[in-house]
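**Student:** This is the structure, below, for whatever I ask next.
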Amino acid sequence: MASNSGEKEKKQPSVDYAIAGAVSGVVARAVVSPLDLLKIRFQLQTAGSKDRRRYAGMLQSLTRIVREEGAHSLWKGHIPAQLLSLTYGATQFCFYEAMTRGMERVKIIPEGGGRGAVASRAGVNFVCGGVAGCCATLVAHPLDVLRTRLVAQATLESKVYSSLSHAVGHMWRNEGSVAFFRGLPPTLLLVFPQTGFQFSIYHSLSFMWKQSLGDNVCSHWQM
């Protein structure tokens, strides 16, 4: 029974993983969007500014934003943020599954449960995860820039962008295409190890869990 489910899992198309990654990203983004907005406003608030005490703490900041701008303002920049989550999640999972399956076909990912095999598998997952994260970042970075600018402009005295489409046109006309990729190099340097460790640790722990508990636990969860 367990072997049949394993075969089905291996044959599962990459698009399924892409959909799973996209949906999970959308749900997570919707939940944490107010915290993301707070993070950006705190980062842009400098000690020398005249309203440096505008945001003094999380509860005070949330209360002030809701009072002055309305509850909906906690989700400012939410549309590009959701597009970012969809694009990043789907691209990352799709690239990761495609690369790991390619590694399996050419026998780069070793079989067995020995320490050497586990270590090699962890290294492959780290590289595949890091590359997948960088590919997803390249695709989704323009949306991240748009999201940040839309959220950040609330701290300015006058708004620069009236909508997402206006922001795209304004940036393209005044700054060129390079504007959509500002901050990309440090982002890639952050994403590669972060995503690599994420996939490597997850799959290593999952593999060791299955190896130590055997087929009985798999059959138990399937029931």
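**Student:** Consider the stretch 16-51. How many of its residues are open to solvent by less than 80 Å² (accessible area, probe 1.4 Å), at pLDDT 70 or above and not small (G, A, S)?
**Tutor:** Of the residues in the stretch 16-51, 12 are open to solvent by less than 80 Å² (accessible area, probe 1.4 Å), at pLDDT 70 or above and not small (G, A, S).
**Student:** Please enumerate the residues belonging to the stretch 74-102 that are of a type in the set (A, V, I, L, M) and closer than 22 Å to Q194 by Cα.
**Tutor:** Step one: filter the stretch 74-102 for residues of a type in the set (A, V, I, L, M), giving 74, 79, 81, 83-84, 86, 90, 98-99.
Answer for the stretch 74-102, where residues must be of a type in the set (A, V, I, L, M) and closer than 22 Å to Q194 by Cα: A81, L83, L84, L86, A90, A98, M99.
**Student:** Among the residues of the stretch 55-66, is there at least one that is in a helix (DSSP H, G or I), hydrophobic (A, V, I, L, M, F, W, C), at pLDDT 85 or above and open to solvent by less than 20 Å² (accessible area, probe 1.4 Å)?
**Tutor:** Here is the first cut: in the stretch 55-66, the residues in a helix (DSSP H, G or I) are 58-66.
Now restrict to residues that are hydrophobic (A, V, I, L, M, F, W, C): 58-59, 62, 65-66.
Next cut, at pLDDT 85 or above only: 58-59, 62, 65-66.
Remaining after also requiring open to solvent by less than 20 Å² (accessible area, probe 1.4 Å): 65.
Yes, the stretch 55-66 has at least one match.
**Student:** Right, next: State the number of residues belonging to the stretch 73-88 that are within 16 Å of Q153 (Cα to Cα) and either free of Cβ contacts under 8 Å to residues at least 12 places away in the same chain or assigned to a helix (DSSP H, G or I) (or both).
**Tutor:** Final tally of qualifying residues: 7.
**Student:** Could you count how many residues in the stretch 123-174 are open to solvent by less than 30 Å² (accessible area, probe 1.4 Å) and without any contact (Cβ under 8 Å) to a residue 40 or more places away in the chain?
**Tutor:** Residues in the stretch 123-174 being open to solvent by less than 30 Å² (accessible area, probe 1.4 Å) and without any contact (Cβ under 8 Å) to a residue 40 or more places away in the chain: 8 in total.
The values are calculated or read from the model by the stated rules, or taken from the named source; none is laboratory data. Since the structure is predicted, the reported quantities are computational estimates derived from the model, not experimental observations. As a convention, Cβ positions derive from the backbone with ideal geometry for all residues, glycine included, and neighbour counts pool all protein chains shown. Calculation scope for accessible area: heavy atoms of the full protein, side chains included, ligands and nucleic acids excluded. Shrake-Rupley method; radii C 1.70, N 1.55, O 1.52, S 1.80 Å.
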